[in-house]
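What follows is a short report on a single structure.
Read-outs: derived from the displayed coordinates by stated rules, not from any lab. Treat the numbers as computed from the prediction; the structure is a model and nothing was measured. Heads up, the Cβs are rebuilt from the backbone with ideal geometry, glycines too, and the neighbour counts pull from every protein chain shown.
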Amino acid sequence: MYLRVLGCSGSIARDKRTTSFLLNQRVLVDAGTGVGDLDLDELLEIDDILLSHSHLDHVLGIALLADSVLQRRLSRERSGPIRVHGLPATLEALRRHIFNNVIWPDFTVLPTRERPIIELVPFEIGQLLQIADLKIEVLPASHTVPACGFAVATAAGWWVYTGDTGPNPALWEALRGRPLAQLVIEAAFSDDDRALAEVSRHLCPSLLIQELSHLDGDTIVAFTHVKPGEMAAVTGQIAAAGLGMPITALQRGDTFEF
Ligand SMILES: [Zn+2]
Ligand SMILES: [Zn+2]
């Protein structure tokens, strides 16, 4: 599996993009502002988008992507709609609050009801999906809105993305005993903002370290979703914990082959 990190920041600033991962050139996991770094030809190749939850920093790219590729994609014989996969509550939020003909046109019925550019496809926690040539499992998450993470089967083990989440015992239960190629886990705030992390159901270094105690010491870990301006504090606080496992900050533009 080829992974390209389009965005992994908790919000925007110069050179920061919000969460989006491109898998095998065809599948997006979350559609934050990082999607905007793809050129038009690359945008045209995206057939499936998996969403971890409904928050704007993870979904706003869908609306603009649909607009960018509509004419060119539908003029190609082989192209059907872009399938947007999410929990039922996530898809309902998109319908009600984005594709509502107020914030944005309803691309689930445009340009025609018979041949729309966007199709919404529900999944459930624990479901095993076959998306393009990828086997993807929907993992539990614990956030302020219904949310999930994903595990993608690769030749090197599972690539796991936690999504936005606070402490999440159900995740560690689901992952127990599995070989992991890489764990991408959120660390949105520094420990100075632990109270904010707790109320917004995110992690900070002290919470992250408790979470990682569920894993083998040789698991390769990358943290993501750090708020702009917090990277030095988060990195320093994680390093100070002396975890004894390989852990680095995910960077926009990183590529991995698993
Ligand atoms: Zn969120
Ligand atoms: Zn987020």
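Report P(r) for the stretch 94-239: all Cα-Cα distances, bin width 5 Å, range 0 to the bin holding the largest distance, values in whole percent.
Going out from 0 Å in 5 Å bins, the stretch 94-239 shows 2, 9, 16, 17, 15, 14, 11, 8, 5, 2, 0 percent.
When the distances between all Cα atoms of the stretch 1-119 are binned every 10 Å from zero, what whole-number percent does each bin get?
Result returned by the calculation: 14, 48, 33, 4, 0.
Which net charge results for the neighbourhood of ILE12, defined as the other residues with beta-carbon distances under 12 angstrom from its beta-carbon, given Lys and Arg at +1 and Asp and Glu at -1? Could the numbers behind the result be given before it?
Details: positive: ARG14, LYS16, ARG17, LYS227, ARG252; negative: ASP15, ASP57.
So the surrounding residues net to +3.
Mind listing the long-range amide H neighbours of VAL184? Cut-off is under 5 Å, sequence gap 5 or more, other chains count too, H placed in the peptide plane at 1.01 Å from N.
Amide H neighbours of VAL184, under 5 Å, 5+ apart: VAL160, TYR161, THR162, ALA222.
Could you work out the local net charge near GLN237, counting Lys and Arg as +1, Asp and Glu as -1, over the other residues with Cβ closer than 12 Å to its Cβ?
Details: positive: ARG194; negative: ASP191, ASP192, ASP193, GLU230.
Taking every other residue near GLN237 into account, the sum is -3.
Roughly what % of DSSP beta bridges within the chain run antiparallel, to the nearest 5? Intermediate values should be presented prior to the final figure.
Working: 26 of 50 bridges.
Just about 50 percent of them are antiparallel.
Under a plain spin-label model, where a point goes 7 Å from the Cα along Cα-to-Cβ, how far apart in nm are ASP15 and GLU77?
4.7
In the chain, which whole DSSP H runs stretch at least 15 Å along their own axis (Cα) and average 0.5 or higher on the Kyte-Doolittle scale?
Span-like helices in the chain: 56-74.
Along the Cα→Cβ direction, 7 angstrom out, place labels at SER142 and TYR2. What is the inter-label distance in nm?
Going from the SER142 label point to the TYR2 one covers 3.8 nm.
Place +1 on the Cβ of every Lys and Arg and -1 on the Cβ of every Asp and Glu in the chain, take the dipole about the Cα centre, and give the residue among LEU60, ALA241, GLY34 whose Cα lies farthest towards its positive end.
LEU60
Is there a quick way to get the dipole size of the stretch 1-158? I mean about its Cα centre, with the Cβ of Lys and Arg at +1 and of Asp and Glu at -1; what is the value in debye to the nearest 20? Show your work: numbers first, answer last.
Values: 15 positive and 19 negative charges, 27 e Å.
So the magnitude is around 120 debye.
Can you list the equivalent-ellipsoid semi-axes of the stretch 162-258, largest first and in whole Å, using the square root of 5 times each Cα gyration tensor eigenvalue? If you can, show how the numbers build up before the last one.
Details: eigenvalues 78, 52, 33 Å².
Listed largest to smallest, the semi-axes of the stretch 162-258 are 20, 16, 13 Å.
Can you list residues whose amide H is under 5 Å from LEU139's amide H, if they're 5+ apart or on another chain and H is modeled 1.01 Å from N?
GLY126, GLY149, PHE150, ALA151
Between LYS135 and ARG115, what is the spin-label point distance in nm, taking each point 7 Å from the Cα along the Cα→C-beta axis?
Between LYS135 and ARG115, the label points sit 3.6 nm apart.
Once you have the Cα-Cα distance between ARG178 and ALA241, take 0.36 nm times their residue separation minus that, and quote the gain in nm to one decimal.
This chain segment gains 20.2 nm when fully extended.
To the nearest 0.05, how large is the calculated FRET efficiency for SER206 and LEU40 if R₀ is 41 Å and r is the Cβ-Cβ distance? Before the final figure, lay out each step's value.
Numbers: r = 43 Å, r/R0 = 1.06.
For SER206 and LEU40, the calculated efficiency is 0.40.
Using the alpha-carbon centroid of each, what span in Å lies between the stretch 1-34 and the stretch 112-163?
Value for the Cα centre distance between the two parts: 15 Å.
How large is the convex hull of the C-alpha atoms of the stretch 24-78 per residue, in Å³?
Details: hull volume 4.1 nm³, N = 55.
Dividing the Cα hull volume of the stretch 24-78 by its residues yields 75 Å³.
Once the cut-off is 25 Å, how many percent of the Cα-Cα pairs in the stretch 2-251 end up in the long-distance tail? Provide the component values of the computation, followed by the final result.
Working: 12664 of 31125 pairs.
Of all Cα-Cα distances in the stretch 2-251, 41 percent exceed 25 Å.
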